Amino acid sequence: MPAVSKGDGMRGLAVFISDIRNCKSKEAEIKRINKELANIRSKFKGDKALDGYSKKKYVCKLLFIFLLGHDIDFGHMEAVNLLSSNKYTEKQIGYLFISVLVNSNSELIRLINNAIKNDLASRNPTFMCLALHCIANVGSREMAEAFAGEIPRILVAGDTMDSVKQSAALCLLRLYKTSPDLVLMGEWTSRVVHLLNDQHMGVVTAAISLITCLSQKNPDEFKTCVSLAVSRLSRIVSSASTDLQDYTYYFVPAPWLSCKLLRLLQCYPPPEDGAVKGRLVECLETILNKAQEPPKSKKVQHSNAKNAILFEAISLIIHYDSEPNLLVRACNQLGQFLQHRETNLRYLALESMCTLASSEFSHEAVKTHIETVINALKTERDVSVRQRAADLLYAMCDRSNAKQIVAEMLSYLETADYSIREEMVLKVAILAEKYAVDYSWYVDTILNLIRIAGDYVSEEVWYRVIQIVINRDDVQGYAAKTVFEALQAPACHENMVKVGGYILGEFGNLIAGDPRSSPLIQFNLLHSKFHLCSVPTRALLLSAYIKFINLFPETKATIQEVLRSDSQIRNSDVELQQRAVEYLKLSSIASTDVLATVLEEMPPFPERESSILAKLKKKKGPGAVSVSDLEDGKREGELNGAGERSADASAIATSNASTPSPSADLLGLRSAAPVGSAAPSAGSLLVDVFSEAGPAAPPSAVNDDNFLSSAPSSSPLASEDPAPPLPESDELLNKFVCKNNGVLFENQLLQIGIKSEYRQNLGRMYLFYGNKTSVQFVSFTTAVSCPGELQSHILYADHHTDSLQSLSFISCNEQLLAGLNPESSQVNVQAKPVEPLVEGGAQVQQVINIECLTDFSEAPLLNIKFRYGGALQNISLKLPVTINKFFQPTEMASQDFFQRWKQLSLPQQEAQKIFKANNAMDTEVLKAKLLGLGTALLENVDPNPENFVCAGVIQTKAQQVGCLLRLEPNTQAQMYRLTLRSSKDSVSKRICELLAEQF
């Protein structure tokens, strides 16, 4: 850089700054600034032309005033004029003023661009660097358009000085981050990659930042950088501290460059070339070996630089997850840091070990440090370190150490920071359920959890313990006894009262034989808590009381007296008043048999993924990553105790391995529901979606002969063959891939509207048939059929029976299903017939229930037949039932996403399409369509902010199929690249086909 001459000191500027500092008040400062602004304005508008020094001085004063927080609305042209000066200091001040004050939409931008072009063409390295710095500082789209083609040429030119190359690389990086569609490397790609071989370490350091960013966007184009990066890293790692004197930092050779090289390698899978991979493994082993060597300096800068390289190397080892020896060595090295006196190192070690715990190669090595981690949880002074210790305990938990870890986490909960208690509660609940072989231990753990941290026990936690107790006969008596004892505490949390009320109301009879827990004692114990509870809990207790009347008739008089009291039947809360009145009347007039039927024991809950786990997955941070890692099939079995460690990565976040579909018996195709059984639990996921109002007809009202026919036999059109699907059926189907409501079909006679909703592997579709004419449609019938491999069951309910009652009847008649082969079916469809007469201008509704048994590609066909003016109308359409409708969105952290992406790397697991955009490439529209697809749109996951990544699980009865999606738009070329990866090739291909038609 040119030396600044003595005359460039700008004494006037120094005096002005001194005056400002000497001002005694804000008013005095403003007065002095206004005086100076008036002076500068007069100088700029004066007749006398200012020389370069004066312009520089006044522009510098304006810059200083702006930095003090005052608006500057003049002087911009004078700053632009300084750019044409041949003096470094004048040009520098001009560029500085423009970088800080000139807006990218300014009218002067063309003049500025011209001046920059002149400096870039001047071959003066100092001026070129100033111009490049200005481009990078402003970074506007206009500048990207003007210089994106010129800067790569400067970067790779053989006669460009090293300092200019550094500036050019960083400038190009800035433009790429702001306008990636304008920075196209094309022919420059290989020459930019070969900058990794440059002799100047500064150029390599700048270039690798650019290459890393470009590789994240276009990994295939820059994959040749891997071998060059390994070669450069090898030279640095094997060099002595004296070999790279200019780039040695406290005896550590080129630490920044080493970290960047290691980070670049994390953008790619392990090298396929054996020699390159061997050389890289040697580098990583050398880094781990150097970490064991005595420090060459006691300065903290030395240890910081050394540890930065070590942690980046460990991150690369974890990323590859293919070298057992390195993974174990990395784990042991991190274990040494767990007891380091430096807090930051302990934090980083715990965080890295959380990720290592998810690897099958290093999980056992991580477990050896359990005592150290438990000690850290108890003794660490920094709450963030304690949280990482809790995360690591959660990640390393398996069947062999579950009881120890849960006990330690419960112990810590009593003194845990309030900020992490809720997450701790969720983790304890998940681990207790996941690794419970002895269910009495599970019940004890959850009740202890409520006792210790009741305020942080969410509804999901106590709902879950209720579900498990109801579904397990062997634990019901123990649970009743334990909760009865817990309620005897002078002060127990309201959540404990809820659990106690529910369990004693259902299973209090199992402990009623003991005089210490007789029915009246149980009731009095519960009622003693009544006045201390909130309205929802009181409502639950009233339900428990009416259950007591059924279980223990001897308590009837006592409970009726409570229900009859003014505090109940005249309660200000409508819900409590209604329950008290209805329960009192029910207990008074109902016979014993009726009471037993209405108040019988709750049926088992349908098994599904734990709602506690789903809640924890939504939480951000490393804790959420640990959940996904645990659920990726890399842990031991679920609550049922089955299964050991498995490498199966077929789903993004699998549910309990033993649980059947949450839609159990919804369609009545699998098990018979006892006549008179209790209604589905209010906690059931699908009750609100699939229940139908209205009284149920008795089973005998069903017509056995016609129940499974393709249409009611009384229809005069039943013998007509269905018409082939309309030519536009596929186009109409594609309209509903990313939405559930709208008009499916319309002509001059008929309009068909659709409204649908889906939960897990179940769906309900409402079809609305509107008569657009003034003449009635007669013999109006519909039929749903399935082509090809779909082979679904099509069930039609009788006109005179309620749909759900009919379904229950089907499930009770196994012989009706003998001809249906569920194993070969892909979809179950149950259609309720429509009225045969549709008046002119009227609309009729049809309900269709859908169950997805396994993945499918063909859509069911809907055939509509009716007579209009004596003429037969025969229309066939494709029902918009596509596999993506059964998506369950899955939230994932960035690290978890790319780990799963790498695991789904088999060729048959990926489907990719590159296609032209059919519509405007609007970001908000793209987001809306991806959300409409049913997946979770993951923010801040892809390194390129222009890309979209999504994750979800296809829920079918047979299995769950995890899917990852990546959409890369190229706005300049108006093209998309869509990549789908899933554990099943047919799913990847089908969703890729469907989604490609949406953009």
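If you bin all the Cα-Cα distances of the range 914-999 at 10 Å, starting from zero, the percentages per bin are 17, 53, 26, 4, 0. Modelled label positions at GLU600 and ASP444, each set 7 Å beyond Cα in the direction of Cβ, lie 3.5 nm from each other.
What you get for the range 285-338, charging only the Cβ of Lys and Arg (+1) and of Asp and Glu (-1), is a dipole of about 420 debye around the Cα centre. Sorting ASP220, ASP71, ASP181 on solvent-accessible area from highest to lowest, probe radius 1.4 Å, gives ASP71, ASP220, ASP181. Between the listed residues LEU288, LEU345, GLN301, the Cα displaced farthest toward the positive end of the dipole of the range 283-371, a dipole computed from Cβ unit charges relative to the Cα centre, is found at GLN301.
Could you tell me which of VAL847, GLY869, LEU837 has its Cα farthest along the dipole of the range 830-889 towards the positive end, charges placed at Cβ (Lys, Arg +1; Asp, Glu -1), taken about the Cα centre? Positive-end residue among those listed: GLY869.
Over 18 Å apart: what share of the alpha carbon pairs of the range 451-549 falls there, rounded to a whole percent?
Details: 2005 of 4851 pairs.
That fraction is 41 percent.
Centre-to-centre, using Cα atoms only, the range 484-563 and the range 84-124 are separated by 82 Å. Put a plus charge on the Cβ of each Lys and Arg, a minus charge on the Cβ of each Asp and Glu, and nothing anywhere else: the dipole of the range 827-952 about its Cα centre is then about 460 debye.
At the residue level, PHE251 shows approximately 100 square angstrom of accessible surface with a 1.4 angstrom probe and all protein chains present. Ordered from largest to smallest accessible area (heavy atoms of protein chains, 1.4 Å probe), the residues GLU561, GLU312, GLU351 come out as GLU561, GLU351, GLU312.
Inter-part distance, the range 963-999 to the range 287-305, computed on C-alpha centroids, equals 47 Å. Dimensions of the range 847-999 from C-alpha coordinates, computed as largest minus smallest value along each principal axis and given longest first, are 64, 40, 26 Å. Using only alpha carbons, the range 131-208 has a radius of gyration to Kirkwood radius ratio (Rg to Rh) of 0.94. Annotation: amide H-H contacts under 5 Å for LEU861 (H modelled 1.01 Å from N, sequence separation of 5 or more, or interchain): SER785, CYS786, LEU879.
Determine the order of VAL203, VAL598 by accessible area, beginning with the largest, at a probe radius of 1.4 Å.
From most accessible down to least: VAL598, VAL203.
A probe of 1.4 angstrom, applied to the heavy atoms of all protein chains, finds ILE511 with accessible area near 20 square angstrom.
Note on LYS165: lysines with a C-alpha under 19 Å away, same-chain residues under 8 apart excluded, are LYS117, LYS177, LYS260. Taking all protein chains as they are arranged and a probe of 1.4 Å, the heavy atoms of ASP514 leave approximately 50 Å² accessible to solvent.
The values are calculated or read from the model by the stated rules, or taken from the named source; none is laboratory data. All values reported here derive from a predicted model rather than from experimental measurement. Note: ideal-geometry Cβ built from the backbone for every residue, glycine included; neighbour counts use all protein chains shown. Each accessible area value is taken on the protein alone, full model and side chains, heavy atoms only, with ligands, DNA and RNA left out. Shrake-Rupley method; radii C 1.70, N 1.55, O 1.52, S 1.80 Å.
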